[in-house]
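The next block holds one structure in the form of structure tokens; read it before the comments.
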Amino acid sequence: MNRTPPKDDADGIDTANRSPNHLRHILLSSMGIDGPRDTPYELGGRVRCANFSSLALAQLLPETEQPDFVAFLLTPKAKRNAWGAIRVEAASLGIEVQAIELPADVEDDTRQILETAAEAIPDRSRVSFDVTQGLRYHALLCFALALNLPKCRDIEMAGIWCARLEIDGPDRAKPLIDLKPVLRLAE
């Protein structure tokens, strides 16, 4: 994982050490209003404890699939409750993170959230979503983005991840599962 991307091109990404075909990989996550919760996550037989599923996922993905950075969609309340802890944990792991501020909670913010998230994803990107810890309806919005962005922009879907938090026992690792096959059902 490129844990601290140098800032060389217009998008702030180092292009000197990458092939012309390299697509910047963004792991996009949404946060609910809960704060940190230390949880063991499992992928491919490996386990990592983290307060935020996206930070565990960034470490657990195979090296060739790890994101260049993790971006968090945050409402104002989620930013107040979680962003400081996200930054501290990410720094301790050497993971680059970015906050994408969503509009204040309003009755119908769906369009604003979709537009804000879509604008934060540059063309020529690979995108993974982690829908584990966001507000429930944010997962549906991520699916809408995953279905439609590759059709209208130069964006490749890498995965849609969710941890099975309902696994019994606080010490049992929560499996991270890729929901990308569900996208094929909608195509």
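The values are calculated or read from the model by the stated rules, or taken from the named source; none is laboratory data. Here the structure is a predicted model, which is why all the values come from computation and not from measurement. Glycine also receives a Cβ, built like all others from the backbone with ideal geometry; neighbour counts cover every protein chain displayed.
Odds and ends about this structure:
- Test: residue in region 127-138 that is more than 22 Å from L165 (Cβ to Cβ) and surrounded by fewer than 16 Cβ atoms within 10 Å (Cβ to Cβ): no
- Just one residue in the set L114, L28 is part of a strand (DSSP E or B), under 22 Å from C152 (Cα atoms) and not small (G, A, S); that residue is L28.
- Within region 35-59, residues that are at positive phi reach partners that are surrounded by fewer than 17 Cβ atoms within 10 Å (Cβ to Cβ) with beta carbons closer than 9 Å, at six or more positions or on different chains, in the pairs G44/P62.
- One residue stands out in region 117-149 among those that are in contact with an Asp or Glu (Cβ under 8 Å, 6 or more places away or on another chain) and either β-branched (V, I, T) or part of a loop (DSSP other than H, G, I, E, B) (or both): the one that is modelled with the highest pLDDT, namely V127.
- Some residue of region 76-90 being of a type in the set (A, V, I, L, M, F, W, C), in a strand (DSSP E or B) and modelled with pLDDT under 95: no
- Yes/no for A78 being aliphatic (A, V, I, L, M) and more than 15 Å from D34 (Cα to Cα): no
- Qualifying residue in region 157-172 (condition: under 15 Å from the mean Cα position of the chain (by Cα) and surrounded by fewer than 16 Cβ atoms within 10 Å (Cβ to Cβ)): no
- Where a residue in region 143-165 is touching a residue at least 40 places away in the same chain (Cβ under 8 Å) and its partner, wherever it lies, is part of a strand (DSSP E or B) and among the aromatic types (F, W, Y), with Cβ under 7 Å and at least six apart: W161/F129; A163/Y41
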